[in-house]
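Presented below is the structure to which this report refers.
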Amino acid sequence: MNRRTVWKHVKSAALILAAILREIFDEAAYSRFLGHSGMAPCRASYAAFQCEHTAAKARRPKCC
Amino acid sequence: MPKALRAVIWLVVAGGGALAVATIALHRGEQINAMWLVVAAVCVYAVGYRFYSKFIAAKMLVLDPQRATPAERLENGRDFVPTNKWVVFGHHFAAIAGPGPLVGPVLAAQFGYLPGTLWILSGAVLGGCVQDFVILLFSVRRDGKSLTEMAREEVGRVGGLVAYAAIISIIVILLGVCALVVVNALKASPWGTFTIAMTIPIALLMGIYLRRIRPGKVLETSVLGFVLVLLAIVGGQWVSQSARVGGWFTFSATTLAVLIITYGFAASALPVWLLLAPRDYLSTFVKLGTIALLAGGIVALRPVLHMPPLTRFVDGSGPIFAGKIFPFAFITIACGAISGFHALISSGTTPKLIRREAETRMVGYGAMMCESMVAIMATIAACVLQPGTYFAINSPAGIVGAAPEAASSAISAWGFPVSAAEMHALAQAVGEQTLFNRTGGAPAFAVGMAHIFANSLGGQALMAIWYHFAIMFEALFILTVLDAGTRVGRFMIQDALGHVWKPLGRTSWYPSVLATSALIVAGWGYFLWQGVKDPLGGINSLWPLFGIANQLLATVALCVATTIVVKMGRARYAFVTLAPLIWLVTVTFTASYQKVFSENPRIGFLSHARQLVAAGANPRLIFNDRLDAAVTAVLIFMVGLVLLESVWVWARVLAGKKEAQVQEAPFVATRFAEEQI
């Protein structure tokens, strides 16, 4: 495997890791919310997102 | 890769696993290196995933690469979102990883490292991973329906009702036990209490920062919160050394219990964005980082296990909890081997994110293997301690005595030498006043983890910092489960009461919010109070109760899974879910019978109550024992009903008296069919 291929794999792994973290920490969900609501990222849109998203999240049990 | 080479590689993996398991199981007289456990686990998981999960996917579940998942069919950009399999895997693992796989294996180490390790490996590969995988797939095929909905539709009304009642019960017992673990970790510990107390304003600050200053920047906010928590740990050392300030944060177990109950109530009633959500983010951030750090520390240090493979307590006379390996090791370690709670996650958010049916194997089976690996790491953290130290930390004052000299003598007399001076030096090294009688598993895990970290990163000078980092990690983890669980329990009660009188079901109506919050907090608060007042430390009674409740939920999940398999016409492969089901029924029913009726007062709730009556003890303690017996009996009765209803359905379907009709969503072809899995 040459250096270029290795770099490609490392970059791809880093991108997946970043995507996992964005999903776990709800940043991806916020982006999707902005996409389907047509709102711009601001306090009001984040408050609206939290209102919708955290209400559902708070109903989910945390695993033991 | 050529087929022959693949076969050779898998033979090497299987051979390596067999050698490692044999070394763990058969080595006697000399200490072994923890890496044997790591190698055994990695090889067993690899073989289990490659062969067993593939067999289940191909033969029993017949995963269909052409079938669209609800994430694709019902895509709405909110709940239903087709997501990259690695992202779903990470998300699912973060959701199932809780404090259970850290605490259970530490407690079960009283039998030695062997029983717990073998149960974690076999339980996960043949039971826990199977349950998570199968329930995830069945939920995917039913538009992401929950376990209770599937139980009602596939098994019957009793199944649905019992699943609901079991979830409420397990939440109440779980929260009581979790709170007890925190209380035992923080009592008389100003450093630990200060650090944990600081996480509350830090979470509030994060909530405001996220809402007002940097909306949506959760990762950035979590990093900021983490830095503040690290500062709180360092500041805690100063607090513990200050006679005046230290006094403000030095609490007895009862005071801490009252504070935690108050906190649980407040957290349930405060807006989610202000406390619960940021605390959840912070906890997840610390959790993922610490698990990775612990894995790295174990591989870097390759510590020796000082605990023998089997201790004298296999006879059931253990000081941490009474009872023999069978059935008690199997209910003490639930998460990490098989946990019913995972069935709730596998039928919650995850099925709504799965892009292809085939990915349920990697997400369901694979994430549980990682959770099981965390349990192996917890076993290692407990077993790197000298056995005398381990028992000194975990044995309650009611068994070994409260005075250091008396406790040391009692533990040394069991064949695990330890002195009061050694324990004092260790307590000094980790910045605690004492480490005797710190039941609950968290302090022992923290000492083991600090030992691993200090010897691989930073040296002995950082032992106290690492210990309090570990305590913070566990307590933060547990308090997140506590506040989220209280709120979930509140919603469930409100949903039920809403059928009686509509306003009670409204989550925005404050009288209902306060009343139901009080109800759920009173439920787990009672168990917490009972544990705090128990002269045997509470864990002896409550952890088995929690283990039984959790495994009974797994029994319900496996009943649902087996029923669906039978209805699918795949009864010849039903042994896949039936085998762990039979094992769990045997274990939980035996454990429940012993916990209620055993003549040994250290095991049986009723015989203990009789002993207390004879001694003229406090009526409250007698009532507690009878209550625990009643709770156990009710749980077993309810699950017995589900079991009977399931067997009835299987018999009728197999005899051709009932139509074998599953309640799956109709087939729709996927647009992702051409993509490589």
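The values are calculated or read from the model by the stated rules, or taken from the named source; none is laboratory data. Quick caveat: nothing in here was measured; it's all calculated off a predicted structure. Cβ atoms come from the backbone with ideal geometry, glycine included; neighbour counts cover every protein chain shown.
So here's what we get for this one:
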{"read-out": "Where a residue in region B:320-339 is within 13 Å of another protein chain (Cβ to nearest Cβ) and its partner, wherever it lies, is in a loop (DSSP other than H, G, I, E, B) and among the small types (Gly, Ala, Ser), with Cβ under 7 Å and at least six apart", "value": "B:Cys335/B:Gly98"}
{"read-out": "Checking B:Arg438 against (1) farther than 30 Å from A:Ala58 by Cα; (2) at pLDDT below 95; (3) charged (D, E, K, R); (4) surrounded by fewer than 24 Cβ atoms within 10 Å (Cβ to Cβ), the condition it does not meet", "value": "(4)"}
{"read-out": "Lone unmet requirement of (1) surrounded by 15 or more Cβ atoms within 10 Å (Cβ to Cβ); (2) within 14 Å of chain A (Cβ to nearest Cβ); (3) small (Gly, Ala, Ser) for B:Ser508", "value": "(1)"}
{"read-out": "Residue within region B:266-273 that is surrounded by fewer than 16 Cβ atoms within 10 Å (Cβ to Cβ) and under 24 Å from B:Pro443 (Cα atoms) present", "value": "no"}
{"read-out": "Qualifying positions in region A:45-61 - in a helix (DSSP H, G or I) and within 27 Å of B:Ile493 (Cβ to Cβ)", "value": "A:Gln50, A:Cys51, A:Glu52, A:His53, A:Thr54, A:Ala55, A:Ala56, A:Lys57"}
{"read-out": "Among (1) of a type in the set (A, V, I, L, M); (2) at the interface with chain A (Cβ under 8 Å from one of its Cβ atoms); (3) in a helix (DSSP H, G or I) - the single one B:Leu102 does not satisfy", "value": "(2)"}
{"read-out": "Some residue of region B:25-33 being surrounded by fewer than 15 Cβ atoms within 10 Å (Cβ to Cβ) and among the acidic types (Asp, Glu)", "value": "yes"}
{"read-out": "B:Val647, sole failed condition from (1) hydrophobic (A, V, I, L, M, F, W, C); (2) crowded, with 20+ Cβ neighbours inside 10 Å; (3) closer than 24 Å to B:Ala554 by Cβ", "value": "(2)"}
{"read-out": "Residue match in region B:207-223 (condition: surrounded by fewer than 18 Cβ atoms within 10 Å (Cβ to Cβ), hydroxyl-bearing (Ser, Thr, Tyr) and over 24 Å from the mean Cα position of the chain (by Cα))", "value": "yes"}
{"read-out": "Filtered residue count, region B:306-319, keeping only those that are in contact (Cβ under 8 Å) with a residue 40 or more places away in the chain and not in a loop (DSSP other than H, G, I, E, B)", "value": "3"}
{"read-out": "Verdict on B:Phe575 being aromatic (Phe, Trp, Tyr), touching a helix residue (DSSP H, G or I) at 6+ places or on another chain (Cβ under 8 Å) and either farther than 26 Å from B:Leu256 by Cβ or at pLDDT below 95 (or both)", "value": "no"}
{"read-out": "Output for region A:45-56, where each listed residue is farther than 15 Å from B:Arg214 by Cα and either over 14 Å from the mean Cα position of the chain (by Cα) or within 7 Å of chain B (Cβ to nearest Cβ) (or both)", "value": "A:Cys51, A:Glu52, A:Thr54, A:Ala55, A:Ala56"}
{"read-out": "Residue identified as closer than 29 Å to B:Ser346 by Cβ, modelled with pLDDT under 90 and of a type outside the set (Lys, Arg) among A:Ala19, A:Ala56", "value": "A:Ala56"}
{"read-out": "Residues of region B:77-94 classified as in a loop (DSSP other than H, G, I, E, B) and either facing chain A (nearest Cβ under 7 Å) or charged (D, E, K, R) (or both), total", "value": "5"}
{"read-out": "Test: residue in region B:274-289 that is of a type outside the set (D, E, K, R), surrounded by 18 or more Cβ atoms within 10 Å (Cβ to Cβ) and away from every other protein chain (no Cβ under 14 Å)", "value": "no"}
{"read-out": "Those residues of region A:19-44 which are in a helix (DSSP H, G or I) and within 7 Å of chain B (Cβ to nearest Cβ), in sequence order", "value": "A:Ala19, A:Ile20, A:Leu21, A:Glu23, A:Ile24, A:Glu27, A:Tyr30, A:Arg32, A:Gly35, A:His36, A:Arg43"}
{"read-out": "Some residue of region B:173-186 being surrounded by fewer than 21 Cβ atoms within 10 Å (Cβ to Cβ), away from chain A (no Cβ under 13 Å) and assigned to a helix (DSSP H, G or I)", "value": "no"}
{"read-out": "Conditions (1) in a helix (DSSP H, G or I); (2) surrounded by fewer than 23 Cβ atoms within 10 Å (Cβ to Cβ); (3) of a type outside the set (Phe, Trp, Tyr); number of the one not met by B:Pro351", "value": "(2)"}
{"read-out": "Some residue of region B:412-420 being touching a Phe, Trp or Tyr at 6+ places or on another chain (Cβ under 8 Å) and in a helix (DSSP H, G or I)", "value": "no"}
{"read-out": "Matching residues, region B:503-537, being over 22 Å from B:Ile167 (Cβ atoms), among the charged types (D, E, K, R) and not in a helix (DSSP H, G or I)", "value": "B:Asp534"}
{"read-out": "Test: residue in region B:388-395 that is in a loop (DSSP other than H, G, I, E, B), closer than 19 Å to B:Leu310 by Cα, touching a residue at least 40 places away in the same chain (Cβ under 8 Å) and of a type in the set (Ser, Thr, Tyr)", "value": "yes"}
{"read-out": "Matching residues, region B:347-367, being facing another protein chain (nearest Cβ under 10 Å) and under 25 Å from B:Arg50 (Cβ atoms)", "value": "B:Leu353"}
{"read-out": "Cβ pairs under 6 Å, 6+ apart, first in region A:2-28 and under 22 Å from B:Asp280 (Cα atoms), second among the charged types (D, E, K, R) and in a helix (DSSP H, G or I)", "value": "A:Ala28/A:Arg22"}
{"read-out": "Out of B:Phe138, B:Phe133, sole residue that is out of contact with any Ser or Thr (no Cβ under 7 Å at 6 or more places or on another chain), modelled with pLDDT of 95 or more and crowded, with 23+ Cβ neighbours inside 10 Å", "value": "B:Phe138"}
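A quick yes/no check of all residues on (1) in contact (Cβ under 8 Å) with a residue 60 or more places away in the chain; (2) within 14 Å of chain A (Cβ to nearest Cβ); (3) touching a Cys at 6+ places or on another chain (Cβ under 7 Å):
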| site | (1), (2), (3) |
| --- | --- |
| B:Leu19 | no, no, no |
| B:Ile24 | yes, no, no |
| B:His27 | yes, no, no |
| B:Ile32 | yes, no, no |
| B:Tyr52 | yes, no, no |
| B:Val62 | yes, no, no |
| B:Arg67 | yes, no, no |
| B:Glu75 | no, yes, no |
